[in-house]
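Novice: Below is a structure I'd like to ask you about.
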Amino acid sequence: MDDIAVRLAGLTRHHGPVRAVDGLDLTVEAGSTVALLGPNGAGKTTTISVLLGLSPPDSGSVSLFGGPPADAVRAGRVGAMLQGAGFVGGATVRELVDLARALCPRPLDAARILDLAGLTGLAGRRADRLSGGEAQRARFAFALAGQPDLLVLDEPTTGLDVDARRAFWTAIRRYAEDGHTVLFSTHQLHEADEYADRVVLLSAGRSVADGTPAQVRALAGAHTVAFDLAGGPVEGLDRLPAVRSVRVSGDRVVLTTEDADATVLALATGRGFRRLEVAAPGLEAAFHALTTPSKER
Ligand SMILES: Nc1ncnc2c1ncn2[C@@H]1O[C@H](COP(=O)(O)OP(=O)(O)OP(=O)(O)O)[C@@H](O)[C@H]1O
């Protein structure tokens, strides 16, 4: 079934005694851009490695485009950018791109690959003499070369400076807009928020949240309502509808609430305030709430 790019069911994978992936179910629809978001050690790299067929699962199943990963890879349908992957010694960037193209049944034009990866000016440089960020772009070029239906990127922007990051995400957006599927791992919340249609939040090898960035953010629950007291009383704030907590700092009050509308309506009737601000929970709050054991919060 080609409408499902990736299907993981009950995936478990250990490294010695460490259960790196713990019964993970994940379905990625073709054409979507999905972020695997999680803190260090959450199991992102292990999941990607099993998904690509580079290491076998201990239990559970993996399929890419309805078949075994090896079939999809052999058919040139999958391109991957892995952390710290090395290069053939002595080869130039251009030669690497040519090699990647030669391995694929329907490669992209070499000039387009170099352009997308921001390597046009470095085509003649030996790949083992690239800076860390340039090497990361060369890995991206290698992943893109075969014009894969599924692009899998493990923490792709590590080592890239601000301009290179922006150029990278612009290239990914263009690639995704052409109907390709992109699965990337990150522990950068804003990358998941800005560039993914869907965020799968991993913690200790499990999926602890799965949805659009807005849906995952909403799992953190509380909005904040902040205002100046303007001489009004502090008493009674904790009894306003839906209020979960009250913090007062000088004249400024910050309430957390399960229902910002109800809290603000009640606040507006009966007391004065100034400089009202209502904020939705950030992805950061959701990330913290969902990946931190409750006793440590
Ligand atoms: N080769 C290995 N040997 C032993 N333990 C490992 C090995 N590789 C990973 N682990 C452990 O498995 C767990 C998951 O690691 P993994 O690299 O998949 O996480 P990650 O989410 O990609 O982390 P990061 O963001 O730091 O790259 C961690 O506890 C890690 O220490």
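Novice: Give me the percent of DSSP beta bridges within the chain that run antiparallel, rounded to the nearest 5.
Specialist: 65
Novice: Now for a different question. Between Glu95 and Glu284, what is the FRET efficiency for a Förster distance of 51 Å, r being their Cβ-Cβ separation, to the nearest 0.05?
Specialist: Numbers: r = 43 Å, r/R0 = 0.84.
Working from the Cβ atoms, E equals 0.75.
Novice: Sticking with this one: Relative contact order for the range 123-212: what is it in percent, counting Cα pairs under 8 Å that are at least 6 residues apart?
Specialist: 23
Novice: May I ask you to compute the full-extension gain from Arg126 to Ser245, defined as 0.36 nm times their residue separation minus their alpha-carbon distance, rounded to one decimal in nm?
Specialist: 37.0 nm is the gain from fully extending Arg126 to Ser245.
Novice: Which whole-number percent gives the relative contact order of the chain, counting Cα pairs below 8 Å spaced six or more residues apart?
Specialist: Once normalised by length, the contact order is 20 percent.
Novice: Taking H as built 1.01 Å from N, whose amide H comes closer than 5 Å to the amide H of Asp58, not counting residues under 5 places away?
Specialist: For Asp58, the qualifying residues are Thr12, Arg13, His14.
Novice: Take each of the peptides 114-120, 270-276, 65-71, average the number of other beta-carbon atoms within 10 Å over its residues, and list them starting from the highest. Working shown, then result.
Specialist: Details: 114-120: 19.7, 270-276: 12.7, 65-71: 15.4.
Highest mean packing first, the order is 114-120, 65-71, 270-276.
Novice: If you stretched the chain out fully between Val18 and Asp161, how much longer would it get, using 0.36 nm times the residue separation minus the C-alpha to C-alpha distance?
Specialist: 48.1 nm
Novice: Further question on the same structure: Sort 185-192, 174-181 by packing, meaning the average of other beta carbons within 10 Å per residue, with the highest value first.
Specialist: 185-192, 174-181
Novice: Another question, then. Listing Thr212, Thr224 from the residue with the fewest other Cβ atoms within 10 Å to the one with the most, what is the order?
Specialist: Starting with the residue having the fewest Cβ neighbours, the order is Thr212, Thr224.
Novice: Now a separate question. Principal axis extents for the chain, Cα atoms only, whole Å, descending order, please.
Specialist: Cα extents, longest axis first: 73, 45, 34 Å.
Novice: Additional query: Would you mind counting up the charge near His190? Only other residues with Cβ under 11 Å from its Cβ, with Lys and Arg at +1 and Asp and Glu at -1.
Specialist: Charge balance near His190 sits at -3.
Novice: Determine the relative contact order of the range 101-257: mean sequence separation of Cα pairs under 8 Å and six or more apart, normalised by residue count, in whole percent.
Specialist: Details: 176 pairs, mean separation 22.5, N = 157.
Computed value for the range 101-257: 14 percent relative contact order.
Any read-out appearing in this document is the output of simple, stated calculations on the displayed coordinates, not a laboratory observation. Please read these numbers as outputs of a predicted model, since none were measured by experiment. As a convention, Cβ positions derive from the backbone with ideal geometry for all residues, glycine included, and neighbour counts pool all protein chains shown.
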